[in-house]
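Take a look at the structure set out below.
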Amino acid sequence: MNSQKLSASRARQILATAQKTRVLVVGDVMLDQFIWGGVSRISPEAPVPVVEFSRESFMPGGAANVARNLVSLATPAELFGAIGKDDAARKLLKLLGKQHIGCTGLVKNSARHTSIKTRIVAHQQQVVRIDRETRGALDAKTTAKLLAAFKTKLAKADAVIVGDYGKGVVTQLLLNEIKSLCQARGVWLSLDPKPVHHLNLSSLSLITPNRKEAFELADLPDETKNANPFADKNLMLVAERLLNELRPALLLITLGELGMLLCQRGQQPFHIPTVAQEVFDVSGAGDTVIASFTLAIAAGASPMEAAILSNHAAGIVVGKVGTATTTPEELVASF
């Protein structure tokens, strides 16, 4: 099947309905710092490029970038996570405020550093990335505060996204509580997994691993790669194993330049080839996928429609430099 299954008018309708929904985002929030410059020489001190600084910019990253993607697509979003009592937290809160992202659910903890990822970019190419962060599991007291804030907003929520980036906010305790709260209210729950965490990810509405993460979650080596996902025996085995063991309602495996694979128990997987014209920067593309897929579901789209919509959204953002988002106008135009 191809993207003709979703017309521009249906995409517009889904996006218009999404504006009346509300999505909660829980997880590891970060501040993305970009240092932009040019390279014209190699350092005499070591065989490394000398980047001549031209400017710097800051953007919400991690789970905050998922919220930013939702708001960019005109879907109201509330963010829940832990930040430090530091300069990065102040910068992040200011950015979130400007972008109209609800952040009353961000709990301050002086024992933690707000995660900062600094990317040095020269001539549109990332030269190096520096990470400053706390990775330890979030303590019980901060987790309880976070959950209390989450509970107060859940009553009016249409969907929840958990963004696990392995920085310690998404613990088994937090996930179990969110799962039972969402199940009790029949609220859709999407999760972007980090396999290093070894969390129990059973019984979620949607899991969105990339290929590498899917193989890690299934505990299988990735030794084959076929341009046709259906001829990729190992990939099919991984999809089947994850559906049977974790029992998500939907499994969406993102395959980079090969698009994505939508899997449901008892059904043939559905392959959606990529629509990206040019790929400049894949940072944050997974955030775009989970945000756009979830808002489409919240707006009443079928899983197939949600997958096609999110594939188009990802195709747009990878064509931009930096942690990018797309707008409803751009997205509709891509059909």
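The values are calculated or read from the model by the stated rules, or taken from the named source; none is laboratory data. Please read these numbers as outputs of a predicted model, since none were measured by experiment. Cβ coordinates were reconstructed from backbone atoms using ideal geometry, including for glycine residues, and neighbour counts include every protein chain displayed.
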Query raised in the report: If we scan region 312-334, do we find a residue that is under 27 Å from residue 200 (Cβ atoms), in contact with a helix residue (DSSP H, G or I) (Cβ under 9 Å, 6 or more places away or on another chain) and surrounded by 21 or more Cβ atoms within 10 Å (Cβ to Cβ)?
Result: no
Requested in this report: Sort through 319, 300 and tell me the only one that's closer than 28 Å to residue 187 by Cα, in a loop (DSSP other than H, G, I, E, B), more than 16 Å from the chain's Cα centre (by Cα) and among the small types (Gly, Ala, Ser).
Outcome: 300
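Scan region 280-294 for residues that are of a type outside the set (Gly, Ala, Ser) and in contact with a helix residue (DSSP H, G or I) (Cβ under 7 Å, 6 or more places away or on another chain) and jot them down.
Correct list: 287, 288, 289, 290, 293.
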**Report entry** Positions within region 35-65 being surrounded by fewer than 16 Cβ atoms within 10 Å (Cβ to Cβ), touching a strand residue (DSSP E or B) at 6+ places or on another chain (Cβ under 8 Å) and not in a strand (DSSP E or B), in sequence order
**Finding:** 43, 48
Requested in this report: Restrict the check to region 168-191 and report whether at least one residue is of a type in the set (D, E, K, R) and at pLDDT below 95.
Outcome: no
Query raised in the report: For region 204-213, does any single residue satisfy the condition of being assigned to a helix (DSSP H, G or I), among the aliphatic types (A, V, I, L, M) and out of contact with any Lys or Arg (no Cβ under 7 Å at 6 or more places or on another chain)?
Result: no
Query raised in the report: Does any residue of region 115-127 turn out to be modelled with pLDDT of 95 or more, over 26 Å from residue 323 (Cα atoms) and of a type in the set (A, V, I, L, M)?
Result: no
Requested in this report: Answer with yes or no whether residue 68 is in contact with a strand residue (DSSP E or B) (Cβ under 6 Å, 6 or more places away or on another chain), among the charged types (D, E, K, R), under 24 Å from residue 321 (Cβ atoms) and surrounded by fewer than 24 Cβ atoms within 10 Å (Cβ to Cβ).
Outcome: no
Query - strands (runs of 3 or more DSSP E) enclosed by region 85-197 - at least 1 residues per element that are surrounded by 21 or more Cβ atoms within 10 Å (Cβ to Cβ) - result: 102-108, 115-122, 159-163, 188-192
Query raised in the report: Within the group 226, 234, which residue is at negative phi, touching a helix residue (DSSP H, G or I) at 6+ places or on another chain (Cβ under 9 Å) and in a loop (DSSP other than H, G, I, E, B)?
Result: 226
Requested in this report: Hey, can you tell me all the residues within region 239-267 that are part of a helix (DSSP H, G or I), buried (at least 17 other Cβ atoms within 10 Å of the Cβ) and either basic (Lys, Arg) or touching a residue at least 40 places away in the same chain (Cβ under 8 Å) (or both)?
Outcome: 246
Query raised in the report: For residue 270, are the conditions met, namely being aromatic (Phe, Trp, Tyr), surrounded by fewer than 23 Cβ atoms within 10 Å (Cβ to Cβ) and in contact with a strand residue (DSSP E or B) (Cβ under 8 Å, 6 or more places away or on another chain)?
Result: yes
Query raised in the report: For region 84-93, does any single residue satisfy the condition of being among the basic types (Lys, Arg) and closer than 23 Å to residue 309 by Cα?
Result: no
Query raised in the report: In this structure, does residue 218 turn out to be among the small types (Gly, Ala, Ser), over 22 Å from residue 166 (Cβ atoms), surrounded by 16 or more Cβ atoms within 10 Å (Cβ to Cβ) and at pLDDT 95 or above?
Result: no
Requested in this report: Would you mind finding the one in 235, 201 that is more than 30 Å from residue 135 (Cα to Cα) and out of contact with any Cys (no Cβ under 6 Å at 6 or more places or on another chain)?
Outcome: 235
Query raised in the report: What about residue 70, is it at pLDDT 95 or above and over 18 Å from the mean Cα position of the chain (by Cα)?
Result: no
Query raised in the report: Mind checking which residues of region 275-297 are of a type outside the set (A, V, I, L, M) and assigned to a helix (DSSP H, G or I)?
Result: 286, 287, 288, 292, 293, 294
